[in-house]
Every structure is written in C-alpha cells, then in structure tokens.
Amino acid sequence: MNISAKHHFRTYAPAPVTKEQIEHVEILFGGLHWRAEQVLQAVFANMGYNARPLPPAIKDDLLRGRELADIGQCCPTSFTTGNLANFLQGEADRMGASEVSDRYIHVTAGSCGACRFGQYHQSYELALRNIGLDSFRMFLIDQKQPEQGTSAGGGLDINMPLTVGAVWGILCTDVLQGLEYRTRPYEVQAGQTDAVVAECVAYLAEVFRTRPYRGRKWGTVAWHMSTGYFIKALREVFRKFEAIEVDRIRVKPIVKITGEFYLQTVEGDPNYNIHRWLESEGAEVYPAAIAVWLDYLIRCQLQKIEDYVGVEKGARAKLAALKGAQRLFRWSYNRMRAALGDIPFEMPDQYELRRLAAPYFHHRLSGGEGDMLVGKALWAHHKKKAHMICELSPYGCMPNTMSVGAMAGVTGKYPELLYAPIEVKGDAEVHALSRCQMILTEAKKRAIREFVEVMERTGLTPEEAKPLLEARSQMNRATYRIPHTGLAAGMAANTLLHLAGARPARQAP
Amino acid sequence: MAKWFAKPPSAAPLSEADRAARAKLRVGIPKVLNVWTTHQFWLGFFQALRLSPRNLVFSSDTSDAQMREYGSGRGTVDCCYPVKCVSGHYGELIFGQKRRIDILFSPMIHSLSSFMDGHVMESLACPRVMAAPENIKAGFLRERDVFAENRIAHVAPLVTLAEPKLVPRQLFDALKAVVPGLSIEETARAVEAGFATLAAFTDDLRARSRDILEWCAREGRPCIMVLARPYHMDSGIGHEIEADLQACGYPILWSQYFPTDPDLLDWIFRADLAEGLIRHPFDIDDVWPSSYSANTNEILWGAKVAARVPWITCAIRLGSYECGMDQPTFTPVQQIVERSGTLFFSFQELDSTKPAGSVKIRVETIAYYLECNSPGVMEAKLRHMDGPGPLQTARASAESPG
C-alpha cells in the first residue's frame, strides 16, 4: 500500500454544528437590501435560530477582500469577502479567534455556476485562512433547493418552512420596496417615506417572527399560498403609507436598474449608492425586484426540462408541474402587489422577456441575468416602463459582460433606447456616476419632452392640473394609483393623462 | 423483433440535387475557445453529412495581425482576450477567404463532454465562452448586417455536448435551413459519427501521453504537465510557452489528454481511494467541491495527477487576463501541486502580446529548477507510491530480453 495520501492538499470542510451548539450560535448572512435582510432575520428567529445580517458592505470591505483572496476577483466577491472578514476580524480582536469560531457561523448562497457566484466560498475560505480563522464554520445553501436537510452535525436544518418563509419575506419586502420607490421622489415632506418604510419593515419583521407553524412540508406551502396572514400585514403597511402626501406633477425620468444580481439588489457602497444618487439627481428609480430573479431561476429550470420534451419520458409532466408552480409564485406576488394598491412595479412575463431577447441572446445561455438583461431593456423600452436603463455590471463579471456585449446589437437596432451600462469596480465612483449622468441628462430631456407632448395632447398644464388634484385630495396620497397608460413612461405625464381622462377634453380656442 | 422495432427510422435517401448542393457547401468554423478540444466532433459531424472535408475551413491561429486586419472595430465589450479575439476569426472567415464560405458555423457550446462526467456536478462551459458567438455577432450587426452583405449564414446553435441526447435536435434546428435535404434522423447519425471521431482522436492522444509517461519511467526522466484551458493550445493565446519548455528537453503533457486507463488511475489514486478521501479516481470533491465547470474540473484533476505521478516534476499553469473561471482556482491549484513537492510555475494574465523577453527568462529559470530538482522530486514522489506501477511495469517489460 501507499504510505499515505494525507500529505496532499484537501479543501476546507466546516466542522459540524450540533443541535446543542446551534442554540448558542449566531448565523451570519448578507448580500441583499436591508429590508429583505431584516425580514429574513425574523424568519430565522421564527425557526428558532439566532441570526443577524452582516453590516452593510463599505469600501473598506472592498479593499480588504482584494487583499485577502486571490487576485482578479469581480467586485461583488471582493465586497462580500471583505465584509465577512472585517466583521469577523473585529469580533476576533474583541473576543479572540476561538470564541468567534464558536459563536458565529456563516450561511451563504451557493449555486451551480455558471459564473464565479458558485465559487464565492473559495474566496471566503482563503480570506478566513489568511486572517487566522481556519476553524470558522461556513455553510453553502443551494439557491435552487427548497429542502436541503440538515448540515453536518444536524444543527442547521434548511427545510421547507425556512425556505418558504424566506421567499415570502423577499416577496413582501419587494412589493414594499416598489411602493417606496414610487413614493419617495414625489413626497411633499422630505424624509417622510423613509420613516414610514422603517416602521413598515419593523412591522413586517414582527409578522414573520410570529408566523404560525403549519407543518414541515406541503402543509406549509399550501398555507403560505392560501393564507390572508401576509396580505393583512401588507394592507396595514398600505395604511401607513396613506399618511404620505405626494406631488406627482414633478417631471422625473424613470430609470430602470438592471444588471448583476448583487449590484442591482444592494443599496450602498458596492453600487455607489446609485439608487439614492439617481433620486438626488431628479430621477424616479425602478428597482430590480428579487422576485423577478427568482422567477427567472424558475424559467431556467423550465427551459432545461423543455429541451427534454420528446426526448425523455416524463419530461412533459415535469414541465407542466413546474409551470404550475411558477404560476402560483407569480400569483402570490401579484396578490401581495394588489394588497399595496397595485402601485409597486409589476413582474414582467418571463416568456415575453425571452421572446424579446431571442434575436440577440439565446435563452439557454446561463450565468448572470442571461437573456433577461436584454429582454428587460427591450420590455421597458417598448412598453414605456422607463426612460432609461441603468445596467450595473461588476468589473470582470463573466456573464454580464456577454449580455452587455449583445446589447450592442439592440442599441444598433433601437438607437433611441437610452442604455447606460455602468462597469462597477467599487472604487471608481466619479467615473461611473459621470457616465450615468450623461445618459441621465438625455433621459431628463426625454421626460420633459414627453410631458410637453402630453400637455398638448390633453390640453392640461401643471397650473391647471393643481386645482384638479386639490379637488381630488385622495390623488395626493401615496396610496392613490396612477394608472400606467402605455402612452407615456413618466409619473407626471401619466398623472396628466389620468386627469384628462377624468374631465372633458378642452375645446380648441 | 423488439430490437428491430427499436431501431431509429432511417433517413430518406438524399436526392442528387441535395447531394450536389452539399458537395459545394463551404462551412467556416472559427478556431477558438472550446473548438480546440471539440474540433474533431465537428469534422466528424459535417463529413457524416456528406460535406467535403476540403470545404470545412477553420480560421488560423490567433494573431495580432488577424485582429488588426479583420477584427478591428468589431468589439462590443471589454472581456478576456480569448473571447475578444473571436472578432478577428469571424472577420478572417468572412473577408479573408479566396473562396467565399456559405455558412459561418460558430457553436455556442453550453456544456462539454468530459471524461469526468458522472463524477462531478456538471460539465458546463465558461459563461463568457458559451455566449461569445452572440457577443461577437453583435459587432458584425451593429452598423449593418455584414453576414447578409456577404451572403453568409451565421449559424450559432446552442449545443450541450454533455447531454448527447439533446444534440441532434439542437443541430438539426440550426442547420435545416442551410443544409439541403437535412433530416433529424440523418443529423442524429451524424452526431454519433461526430462523437465517435472525437473519441478516437482523444484516445489516440491519451495513448501518446501514456507512451511519454512510460518513456519517462523507463528512462527515469522528468516531464511537465500543462494546466490550462483548451484555447491555450492556440499559439496566439498560450504563446507557445510549453513549446519553449519542450525545446529544453522536457516532454509536455496536457491534463485534457492525460491517459485515463484504469490500471494507471488505480495506481495513482490508490491511497486516496483506500483512505476514503475520494470515491473514484475522477472525484475531485476533496479539493474542489464546486465542480460544475468542465475545463476547471479538468485543471483541478490535472493538478491532482501532477501532484502524484512521480515523473511529472513540474506543473505549468497558463491563465488569460481577466479569466474569472481561473481566478478562484489560483490558490487551490498551486496548493495541490506544491504540497506534493512538485514544482509549480504559473503564467497568469496572458494577453494579446507575447511577452517574449520575460517568457524566455522564465523558461530558462524553470529549466534550471527542473534540472536541479527533478531527481529529488521523482525520488520523493516514488516513495509515496504503492510499489511498481503500470508505468514501471511497462519499463520492466521493455527492458526484459523476451
């Protein structure tokens, strides 16, 4: 026999977390926007786990991530690696490395590629080794598996109630985020929306913390689908928004955010705080809902099965079952959206996105947003959902650069589509924002032009609109829905169109 | 009887007109990315469709001149050089042929047929590599349709070579409009022929690699394992670094074509298997749990092999500028190789320009290290192996008078 194979390199394998240990352990997670993270914390608590989101990633984390892991990372890897390392290092300085390894574990999403996203854990492991925390325990959750059983040691159980709770938490915070972004740019009293949102997130967290237990598997799924529990909570959220007064005659371009998942989702240094920056520059931001990403993941699974129809027995049945699940998912989102007055942005139909993108990008090319990035840009353009697309792509992002490259064909065919692909390095803010501003300037002009056209079409001016709005006080509330006419993208233009529909057209002089 | 019914229906015979049309059909294939390890599949496939081998045209190796002459101004995005340079290959096939091609065939290879299939999570291609044709195409459509102007059909089917059942339909759907008289049955047979041609070619190269290893064992000579992606075989991307090392007297093995004979693999991984560290010689879960990328998997496996085979005294890692697939593997690959005492050298961030001076200096350095350390490395690694392995047995047979 060989002497031994022990001297060869082996990869990191976390030590087990036992059921006894988990009671004293705090689960760290991150990578989403703050609303979703707070609610996910409550979902963990509801399942008996003590969890907390990592602090928001900042520029120091980027530098730390670059320093600790292999060179050439994309910036989301650097931010998230540095974020974890900095937090743990701070704790280790306070209580010692051994105590940190006992007290915390990290849970992160893993995937089956095709990009570096599936390999983030490698950077985390290297960083932990480099700061002397080799024994720190980190666990991967497969984002495509609702039930993954218990981790080594049996302490952490990724089961259906936890997964469904997390998904419902994301859906609820998605629609809340949608309502928030449709309100804040038009609020009359600055800061009021933020205050209400903070209150609503705390309220939703409590709703999830006290979520009733309805079985381990299908019982919990059926309950989440059918219950009025979350709808009631969202109606309460809607009531809280009632207090916000808005002025929707402010002419603002709508900027749709697309791009790589992490950069389009988080709000902070990793994407140069671009959501807030755009609002401060006079835009209304159309944020990227996480629900749309989940819907896309379902589509990807469906597409894989579609290929096997006629090739393998049972593929058609599997396809029908998953299509049914996708319909239920979308129905659940729309139900929540309806609880907020149908004001949050709608979820685009995945098959429409696929059809729109087809001439430019194959739907089976996986990684990043794939054809969805192209499809969303065309969808927003054709349906007048936004004046401009701001696409956030990490420097060195493998799949996103491909979709962005394919967009050259789109902009060649539709030169009027305002498309700002922003390559985010994390430390080149001025360069990125100035690029965005160039396109935003054109978007503003376009929003004004659109508004003037609507004024001519309706014969209404802002001065004439004011008394009409005052006469209908409910229209000045954040909870009043201005229908999207399909004739204009902007809120102000659609408000005029809505008002014009409510009064007889003015006679020509 | 049951077998007879189970036979796939045979294709309708090809008409004379279709046969004649196919004989004239010229297909241009960009010699890029994963075509470097699948070219024999495409040759076997198209020849089975009765296209003349003389009408199957591959573009040249990548070069600065190719990019300047044919690909300039066609780039749509900044990405790694192996993808960026595809514009030059497209341009060469469109503008640089004495006889015009009819089809520019640029497969979007979504997954690869890998010898590790069944022991890894997946065998996907890199997301940039698989999407490259869509990206490069955009550069030829942005201002005007260059393909239509030149009467060339751009055919870029998405192909899942790791899922052979799906391939006939993928290729039939893409080619039915441009290959006269094509049927799904004929496509299915051509796909089988393609896989058979590829397997024969790969087997031949593996046998040659085994010959090299047996020679090394017989002569007590060291060799070098190259850990790289298929397109590093392109002289314009890998810059022939391995050829410079070979010129110093060290035979070269590529991990993609390392012999996979069970007797050899059993000997190499016997201790790992016995200690339950792996389930199979192709299992890389012990070093790389995220085993979904075919080329990454093969690089990691190659590193494990290099760390164990005594006569591989050095591993050379080649990586291109901005390669996101390589980036997370830098440390594991280096660790796997170096922990065993095997020499490890890496040429990272390779780009369009060959850094000839620095390559020359490094090659001299590597050769010097190999000369000084190879005997010690071989001896130390042999001590860890379980007796005379099949390579040494071959050595003994070669030496025996009978």
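Computed from the coordinates by the stated procedures, all read-outs in this text should not be read as laboratory data. Because the structure is a prediction, the values reported are computed rather than measured. Here the Cβ positions follow ideal geometry from the backbone for every residue, glycine too, while neighbour counts run over all protein chains shown.
How would region B:97-233 be classified by its alpha-carbon gyration tensor: rounded, prolate or oblate, with rounded meaning a/c under 1.5 and the a/b versus b/c comparison settling the rest?
It comes out prolate by the Cα gyration axes.
With bins 20 Å wide beginning at 0, the percent of Cα pairs of the protein assembly as shown falling in each bin runs 13, 42, 34, 10, 1, 0. Helix A:34-46 versus the longest principal axis of chain A: what is the Cα-based angle in degrees, 0 to 90, to the nearest 10? Between helix and principal axis, roughly 50 degrees. Computed from the Cβ-Cβ distance with R0 of 35 Å, the FRET efficiency linking A:Leu63 to A:Thr441 stands at 0.65.
Shape class of region B:42-119 from the alpha-carbon gyration tensor: oblate, with a/c at 1.5 or above and b/c at least as large as a/b.
Where does each of B:Lys176, B:Lys304, A:Lys385 land when they are ranked from fewest to most other beta-carbon atoms within 10 angstrom? Write down the numbers at each step before the final one.
On the way: B:Lys176 14, B:Lys304 27, A:Lys385 19.
Ascending number of Cβ neighbours within 10 Å: B:Lys176, A:Lys385, B:Lys304.
Under a 5 Å amide H cut-off, with hydrogens placed 1.01 Å from N, B:Cys223 pairs with B:Ile312, B:Thr313, B:Cys314 among residues at least 5 apart or on other chains. Each principal axis of the Cα atoms in chain A has its own extent, and those three values, largest first, are 101, 57, 49 angstrom. Bridgeable lysines around A:Lys384 (alpha carbons under 19 Å apart, same-chain partners fewer than 8 residues away excluded): A:Lys252, A:Lys256, A:Lys376, A:Lys413, A:Lys444, A:Lys445. Per-residue Cβ neighbour counts within 10 Å put B:Thr38, A:Thr485, B:Thr62 in the sequence A:Thr485, B:Thr38, B:Thr62, beginning with the fewest. Between region A:361-436 and region B:297-311, what's the alpha-carbon centroid distance in Å? What the calculation gives is 40 Å, centre to centre.
Given the Cα-Cα distance of B:Ser183 and B:Leu205 and 0.36 nm per residue of separation, how much length would full extension add, in nm? Before the final figure, lay out each step's value.
Values: separation 22, 0.36 × 22 = 7.92 nm, distance 3.31 nm.
Roughly 4.6 nm would be gained on extension.
Rounded, prolate or oblate for region B:13-199? Axes are the square roots of the Cα gyration tensor eigenvalues, ordered a ≥ b ≥ c, and the cut-off for rounded is a/c under 1.5. Because a/c hits 1.5 or more and a/b fails to exceed b/c, region B:13-199 counts as oblate.
Extending 7 Å from Cα along the Cβ direction at A:Gln145 and again at A:Glu236 yields two label points whose distance is 3.6 nm.
The share of C-alpha pairs in region A:1-80 whose separation exceeds 22 Å stands at 52 percent. In straight-distance terms, cross-link reach from A:Lys59 covers every one of the lysines whose alpha-carbon lies under 23 Å from its own, apart from those fewer than eight places away in the same chain; here that gives A:Lys425. For region A:55-94, report the % of Cα-Cα distances exceeding 11 Å. Tail of P(r) above 11 Å: 55 percent of Cα pairs.
Relative to the Cα centre, what is the charge dipole magnitude of chain B, using +1 at the beta carbon of each Lys and Arg, -1 at the beta carbon of each Asp and Glu, and rounding to the nearest 20 debye?
Numbers: 42 positive and 47 negative charges, 258 e Å.
The calculated dipole for chain B is roughly 1240 debye.
For an R0 of 35 angstrom, estimate the FRET efficiency from the Cβ-Cβ distance between B:Ala21 and B:Glu149 and round to the nearest 0.05. That pair, B:Ala21 with B:Glu149, gives E of 0.95. Residues within the reach of a label modelled at A:Tyr213 (point 7 angstrom out along Cα to beta-carbon, backbone nitrogen below 18 Å), restricted to region A:155-197, are A:155-166. 3J(HN,Hα) along region B:120-137, derived from phi through the Karplus expression 6.51 cos²θ - 1.76 cosθ + 1.60 where θ = phi - 60°, amounts to 10, 5, 8, 10, 7, 8, 4, x, 6, 5, 5, 8, 3, x, 5, 5, 6, 3 Hz, with x in place of Gly and Pro. Treating r as the C-beta distance of A:Glu463 and A:Asp427 and R0 as 60 Å, the FRET efficiency rounds to 0.80. In this label model, B:Arg50 and A:Glu26 are separated by 7.4 nm, measuring between points 7 Å along each Cα→Cβ vector.
Rounded to the nearest 10 degrees, the angle from helix B:86-95 to the longest Cα principal axis of chain B is 40 degrees.
Here, region B:206-396 yields an orientationally averaged convex hull projection of 10.1 nm² when only Cα atoms define the hull.
Computed over chain B, the P(r) curve from all C-alpha pair distances, binned at 10 Å from the origin, holds 5, 21, 28, 24, 15, 7, 1, 0 percent per bin. With 0.36 nm allotted per residue and the present C-alpha distance subtracted, the A:Ala222-A:Gln301 stretch has 26.3 nm of extension available. Extension gain, B:Ser60-B:Lys98: 0.36 nm per intervening residue step, less the Cα-Cα distance, totals 12.3 nm.
Based only on other Cβ atoms within 10 Å, what is the fewest-to-most ordering of B:Glu134, A:Glu416, A:Glu470? Please report the intermediate quantities before stating the final value.
Numbers: B:Glu134 26, A:Glu416 7, A:Glu470 10.
Exposure proxy ranking, most exposed first: A:Glu416, A:Glu470, B:Glu134.
For region B:257-294, the residues whose amide N sits under 15 Å from a probe point set 7 Å from the Cα of A:Ala13 along the beta carbon direction are B:272-280, B:283-290. With kT/(6 pi eta Rh) evaluated at 25 °C and eta = 0.890 mPa s, and Rh the Kirkwood radius from Cα pairs, region A:54-157 diffuses with a coefficient of 173 µm²/s according to Stokes-Einstein. Considering helices alone, the calculated mean residue ellipticity of the protein assembly as shown at 222 nm is -16000 deg cm²/dmol, with DSSP H runs of length four and up weighted by -39500 (n - 2.57) and normalised per residue.
Remark: region A:63-80, residue by residue, has Karplus-estimated 3J(HN,Hα) of 5, 5, x, 5, 6, 8, 10, 4, 5, x, 6, 7, 5, x, 5, 4, 4, 6 Hz, where x stands for each Gly or Pro and the curve is 6.51 cos²θ - 1.76 cosθ + 1.60 at θ = phi - 60°.
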